[in-house]
Each structure stands twice: as C-alpha cells, then as structure tokens.
Amino acid sequence: MAPRSDPDTPLRAIRCVLLTVLIVAVAALTLSTGCTATTHTPEEPSTSTAAPATTTAPPSSYDEPAVRTLDAIVRHDFAAATTDFDEPMRQTPERLEASWDSYQEQFGAYQQHGIPQQAALGDLTVVRVPLQLEHGLGEFRVTFHPDQSIGGLYFLQPGVPL
C-alpha cells in the first residue's frame, strides 16, 4: 500500500520558499539601507504595463480584500489590516505600522492606488496594486491562499518580479 500524501505539503513548500525569499530580501535591505520595511529597488525598473497571467477566479474575489487591506493600512488601522493574515503571517499591528512608515519615509507619502492585477503562483494568488507615492511609483503586493487568508504582504518598487 502506497503512503498517503499530505495535501498541505505543496502549500507548505510554497510558504517556505516565499518566507525564504522574504527573509533574504529583508536582510539585504536592512544591510544596505538600515530600514526594516519589506521593500526592494530593482536595478532596472520595468516600464512594462503588461498584466501578469491572471487566475481563473473572478477579479473581484481577490482584488477587493487586497484593496480593503491597503485602505486599512493607509488609514493607519493596522489592527484591521492584519485580521486576514494566516498564522505564519500574524504580526502585531505595530510591526506592520513600522514597515509602512519606513516605506513612506523612503519613497514618499502615499497618494493613491491604481487597478489591482492578479497572478497565479501555484495554489496562491498574488494581487499587485500599483501605488502613486510622493516621490514616484510603488507597488503593494498581497499573496492570498484559496480561502482568501493573507500569506504575504509586501511594499515594493514597481517591476519586482513575482
């Protein structure tokens, strides 16, 4: 009899990869800029406006919670912004606030956001929301599980690849 595979194993592997990438990016930024926000500046920012491959889910299924989370962050309602975080993402509202404040210190005050775009990443859905900041463009990126819980949240420069 063949051993039964755990259906969560691929999801755990994706989480581990995403967490590793996040840790490496934060470590590199902390060493290079002294900031604790999850930000990244590509060497050559992309000027492409092409949308990433979209998921089969209707756009509103992940766009709405992504924008709702961004709106809570912009309102400085960090407790509301963290309510949909999955267990590995749980963090204090103060930690999220510190990351948001650091991002704005580096790239300027938030002014507005554009239309969200979705991309599939295995079983996950990544929503990219373009930002207009005081000193230029940015990107708010949220990674969702199929149950719409948040498995990743990033404040980025535009053009950072998935």
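The values are calculated or read from the model by the stated rules, or taken from the named source; none is laboratory data. Source: prediction; values computed, not measured. Cβ coordinates were reconstructed from backbone atoms using ideal geometry, including for glycine residues, and neighbour counts include every protein chain displayed.
Overview of results
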quantity: Looking only at the stretch 80-97, and only at residues there that are in contact with a Leu (Cβ under 9 Å, 6 or more places away or on another chain) and not polar (S, T, N, Q), the one that is surrounded by the most Cβ atoms within 10 Å (Cβ to Cβ); calculated: ALA81
quantity: Qualifying helices (runs of 4 or more DSSP H) (wholly inside the stretch 5-122; at least 3 residues being over 15 Å from PHE155 (Cα atoms) and modelled with pLDDT under 50); calculated: 9-33
quantity: Breaking point among (1) within 14 Å of TYR62 (Cβ to Cβ); (2) exposed (fewer than 14 other Cβ atoms within 10 Å of the Cβ), for GLU105; calculated: (1)
quantity: The stretch 121-154, residues that are under 17 Å from THR82 (Cα atoms), in contact (Cβ under 8 Å) with a residue 12 or more places away in the chain and not β-branched (Val, Ile, Thr); calculated: PHE140, ARG141, PHE144, HIS145, GLN148, SER149, GLY151, GLY152, LEU153, TYR154
quantity: The stretch 118-162 - residue that is more than 16 Å from SER61 (Cα to Cα) and of a type in the set (Asp, Glu) and, of those, farthest from the chain's Cα centre (by Cα); calculated: GLU134
